[in-house]
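Chemist: Sharing a structure here in structure tokens format.
The numbers here are math on the coordinates, done by the rules we state, and not lab data. Keep in mind that this is a model prediction, so the values were computed, not measured. Note that each Cβ is placed from the backbone with ideal geometry, even for glycine, and that neighbours are counted across all protein chains shown.
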Amino acid sequence: MQKGIVPRIQLLALSASLLVSSACTPDQDISIRDFGSLDDGSTASLVTLKNDKGMEVSVTNYGGIITSIMAPDRDGRFDNVVLGFNNLDDYLEGHPYFGAIVGRYANRIAGGRFELDGEVYELATNDGDNHLHGGEQGFDKVLWDYDVIDEQTVTLSYLSPDGEEGYPGNLDVEVTYSLTDDNELRIDYRARTDRTTPVNLTNHSYFNLTGDPTEGILDHYLRIDADHYTPVDDGLIPTGEREQVEGTPFDFTTMERVDARIGQVPGGYDHNWILNRPDEGLRQVAVLQDEESGRIMRVFTDKPGLQFYSGNFLDGSLRDHEGRPIHRHAALCLETQYFPDSPNQPDFPSTILTEDETYRTTTTYRFDVN
């Protein structure tokens, strides 16, 4: 399979069956299995990456979803530290973006519309009056082509055609998941377009370092390297202001329990932090810790923003891979991103990709123990 961005014509020619069968023939140590069938008869696959320390990460090409991350605690016990399901049917029944690649634009766009080069584009309003995570049929709900590089690396490719969910331009997207022997899950995003368009890609994994969602994440400790955040209105759309975190419930510049001041934030945390040192590229921007298990997760990114979401809308109606109910604050998200509503906010970092540019960004989640 050709490396790099897959040509648009080639992708258009691929049938749903080829999306699965085109995967490279793997080494016998690589685990690939059928994960379930979609309504059109196409089949999703599940690829499990493994490193030499026993850590495993499972990814399905449906939505690019990370279904599990098996990480060790201080005693060497491995548990799944993300929310997910064991089969495709549970994902097809609906879920709040567990582990998925979200795009073409992660987070919210106010009113489901934006103006670009003098033209107004109308998007789906799938979050009240606003557009969220790419719309009704975002990247989380499509079958990606995949290429297994080796037992620690898989690359997924998708063509988002011109007009999909209202966005302009054909967008060729590649996302590579790499599991290193340092217990790092590295995610590399690349995209090209043939017409100017906004792009903001992220992964929407829900983390709980205890490995048990019934224990929740309120007693996790969190640090975010950000002196400012973007306040929001009632629809969780940024007001355009940048406020200091000092003296507010949004101050995670030192390790703080998640529940220390969450009661002062109506509805809980679902906000964008303006990360420090954006010009330094890939750098550590957040640390999450569970004292009981000893697990620590460090987040590295080259992006300017981080959405910390404390699982406020989880309501117990879903059950995880072991049948355990997923209640409010069962897990949290640390989504590396450009700022929400940037296409309508000229003072925010630009998310506009032109036909002569390549969208490139990297995020790494590193798992340690203490």
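Chemist: Order these peptides, 122-135, 342-355, by their mean beta-carbon neighbour count within 10 angstrom, highest first.
Modeler: Packing proxy ranking, top to bottom: 122-135, 342-355.
Chemist: At 222 nm, what value in deg cm²/dmol follows for the chain if DSSP H runs of at least 4 each add -39500 (n - 2.57) and the sum is divided by all its residues, to the nearest 500?
Modeler: Result for the chain: -1000 deg cm²/dmol, rounded to the nearest 500.
Chemist: I've got another one for you. How large is Rg/Rh for segment 21-147, to two decimals, with Cα atoms and a Kirkwood Rh?
Modeler: My calculation of the ratio gives 1.07.
Chemist: Sorted from fewest to most neighbouring beta carbons within 10 Å, what does the list 242, 104 look like?
Modeler: Lowest to highest Cβ neighbour count: 242, 104.
Chemist: Now a separate question. Hey, quick one: spin label on residue 56, modelled 7 Å out along Cα-Cβ, who in segment 307-329 has an amide N within reach, i.e. under 15 Å?
Modeler: Inside the label zone: 321-322.
Chemist: Something else about it: Grab every C-alpha pair in segment 212-265, bin the distances at 5 angstrom width from 0 up to the longest one, and report whole percents.
Modeler: 4, 18, 22, 24, 17, 10, 4, 1
Chemist: Could I ask something else about it? Among 48, 180, 60, whose mean-square fluctuation peaks in a Gaussian network model of the chain (Cα, cutoff 10 Å)?
Modeler: 180
Chemist: I've got another one for you. How big, in percent, is the set of alpha carbon pairs in the chain lying more than 41 Å apart?
Modeler: Result: 7 percent of Cα pairs exceed 41 Å.
Chemist: Continuing with this model, one more query. Treating the Cα atoms of segment 119-208 as identical point scatterers in vacuum, please give the log10 of the normalised Debye intensity I(q)/I(0) at q = 0.12 Å⁻¹, two decimals.
Modeler: -0.45
Chemist: Is segment 157-245 best put as rounded, prolate or oblate by its Cα gyration tensor, with a ≥ b ≥ c the root eigenvalues, rounded for a/c under 1.5, and otherwise prolate when a/b is larger than b/c, oblate when not?
Modeler: Judged from the Cα gyration tensor, segment 157-245 comes out oblate (a/c at least 1.5, b/c at or above a/b).
Chemist: Could I ask something else about it? Can you tell which of 266, 250, 240 lies farthest toward the positive end of the dipole of the chain, using +1 and -1 charges on the Cβ of basic and acidic side chains (Lys, Arg; Asp, Glu)?
Modeler: 250
Chemist: How long is the gain from residue 31 to residue 181 if the chain were fully straight, where each residue apart is worth 0.36 nm and the alpha carbon distance is subtracted?
Modeler: Gain on stretching residue 31 to residue 181: 52.3 nm.
Chemist: Hey, if you drop one equal point scatterer on each alpha-carbon of segment 227-370 and run the Debye formula without solvent, what base-10 log of I(q)/I(0) do you get at q = 0.10, 0.11, 0.13 Å⁻¹?
Modeler: -0.40, -0.48, -0.67
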